[in-house]
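Peer 1: Structure provided below as structure tokens; questions to follow.
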Amino acid sequence: MAARKRSAPMSRLGRLAAIAGVATVAASIVLAQIDDPLEILRRSILARGAVDYSGVRTVVLFEDGEKVHGVEQQIQCQAPHRSRITVIAPESEAGAVCLIVDRVQWDYDPRGNRVVRTQLPPADHVVRQRLRDLERIADTMRLQYCGTETIAGRSAHVIKVYTQQGVPVKKSWVDPEHWVTLKTQRFDPQGRVRSSAYFTRINYAPSFSPGTFDFAPPAGATVVEAALAPERMPLAQAEQRAGFRAVLPEHLPPGYRFQDDRVAVFQLGGQTSLWLPFSNGADTFSLFQ
């Protein structure tokens, strides 16, 4: 498979500006013109939190190519940036909820009657970071447009991401009308499926019951306030705050790059530490010094 031809940085910014005005373009023309995998993935990022829908999604985890766990979820999303994910199967996990509204995420586990409350960063900051991560994918990996397939009764663009050595990393199925990601697969270093998440039903004209996006901790629940995520900053600034220089690995797994603009300084065991993130655009690992 040949590597995708890259465009100049200014043309990327121009195309991103064009996305903002896509609502003024006739839908039939837009759908007919788009088969660029980078553009499709960009639109899928911009659609997150911006589209009303409800549906049922299956999430499956694999280990060494074998299924080890699976859940079925009810998904409810209301623009802007309100969502509720409720586990409906298996019975042993049913009732677990993840709800996001007004920059607060609530995670409720009924088995332990435990609630975790997390303050989230502004949604526009998250979108900008995801777009930057996508640019890193395009710089370090191969993107392939694989045509269309049907997911949950809807046609979907199929995009596959490979390392430069041809090992699959991620595969996405994106709705060409609403730009919602209908299915995602992630792969392990041997090219085997590691996780799969896909809609079996989806409705873009949902009717939400009153209180769908309200949450109050159940009586007797233990409520935990999640620690705020540390501030991210360029490596030089982080080293100055920490008072020491980072030691970076000489070799990284194929496709991974050090994210030198997203380093954090935090306290670990009473000592000042550096959080050094590495990413291939689809997956991330960290080193702590």
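The values are calculated or read from the model by the stated rules, or taken from the named source; none is laboratory data. Being a predicted model, the structure only gives us computed values, none of them experimental. Every residue, glycine among them, receives a Cβ derived from its backbone with ideal geometry; neighbour counts consider all protein chains shown. The area values use the complete protein model at the heavy-atom level, side chains included, leaving out ligands, DNA and RNA. Shrake-Rupley method; radii C 1.70, N 1.55, O 1.52, S 1.80 Å.
Peer 1: All but one of (1) crowded, with 17+ Cβ neighbours inside 10 Å; (2) in a strand (DSSP E or B) hold for Ile88; which doesn't?
Peer 2: (1)
Peer 1: Where in the range 164-221 are there strands (runs of 3 or more DSSP E), lying fully within it, with 2 or more residues that are aromatic (Phe, Trp, Tyr), surrounded by 13 or more Cβ atoms within 10 Å (Cβ to Cβ) and at pLDDT 95 or above?
Peer 2: Hits in the range 164-221: 193-203.
Peer 1: Of the conditions (1) modelled with pLDDT under 95; (2) open to solvent by 50 Å² or more (accessible area, probe 1.4 Å); (3) within 30 Å of Ser83 (Cα to Cα), Gln237 satisfies every one except a single condition; which number is it?
Peer 2: Exception for Gln237: condition (3).
Peer 1: Select from the range 47-85 the residues that are within 20 Å of Val101 (Cβ to Cβ) and outside any strand (DSSP E or B) and list them in ascending order.
Peer 2: Result: Ala47, Arg48, Gly49, Ala50, Val51, Asp52, Ala79, Pro80, His81.
Peer 1: Shifting gears a bit: Which numbered condition in (1) over 30 Å from Pro218 (Cβ atoms); (2) open to solvent by 60 Å² or more (accessible area, probe 1.4 Å); (3) without any contact (Cβ under 8 Å) to a residue 40 or more places away in the chain; (4) under 17 Å from the mean Cα position of the chain (by Cα) is the only one that Arg103 fails?
Peer 2: (1)
Peer 1: For the range 245-272, give me the residue count where each residue is free of Cβ contacts under 8 Å to residues at least 12 places away in the same chain, more than 21 Å from Asp283 (Cβ to Cβ) and not polar (S, T, N, Q).
Peer 2: 3
Peer 1: Is it the case, given these coordinates, that Arg43 is surrounded by 11 or more Cβ atoms within 10 Å (Cβ to Cβ) and at pLDDT 95 or above?
Peer 2: Yes.
Yes/no matrix, rows are residues, columns are (1) closer than 24 Å to Val87 by Cα; (2) free of Cβ contacts under 8 Å to residues at least 60 places away in the same chain; (3) not aromatic (Phe, Trp, Tyr):
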{"site": "Arg117", "(1), (2), (3)": "yes, no, yes"}
{"site": "Leu134", "(1), (2), (3)": "no, no, yes"}
{"site": "Asp139", "(1), (2), (3)": "no, no, yes"}
{"site": "Gln144", "(1), (2), (3)": "no, no, yes"}
{"site": "His157", "(1), (2), (3)": "no, no, yes"}
{"site": "Pro176", "(1), (2), (3)": "no, no, yes"}
{"site": "Phe199", "(1), (2), (3)": "yes, no, no"}
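Peer 1: In addition: May I ask you to say which residue of Val161, Val224, Val265 is open to solvent by 20 Å² or more (accessible area, probe 1.4 Å), touching a helix residue (DSSP H, G or I) at 6+ places or on another chain (Cβ under 8 Å) and either part of a helix (DSSP H, G or I) or not hydroxyl-bearing (Ser, Thr, Tyr) (or both)?
Peer 2: After ruling out the rest, the residue left standing is Val265.
Peer 1: From the list Arg128, Arg117, Arg136, exactly one residue is in a helix (DSSP H, G or I), basic (Lys, Arg), surrounded by 13 or more Cβ atoms within 10 Å (Cβ to Cβ) and at negative phi. Which is it?
Peer 2: Arg136
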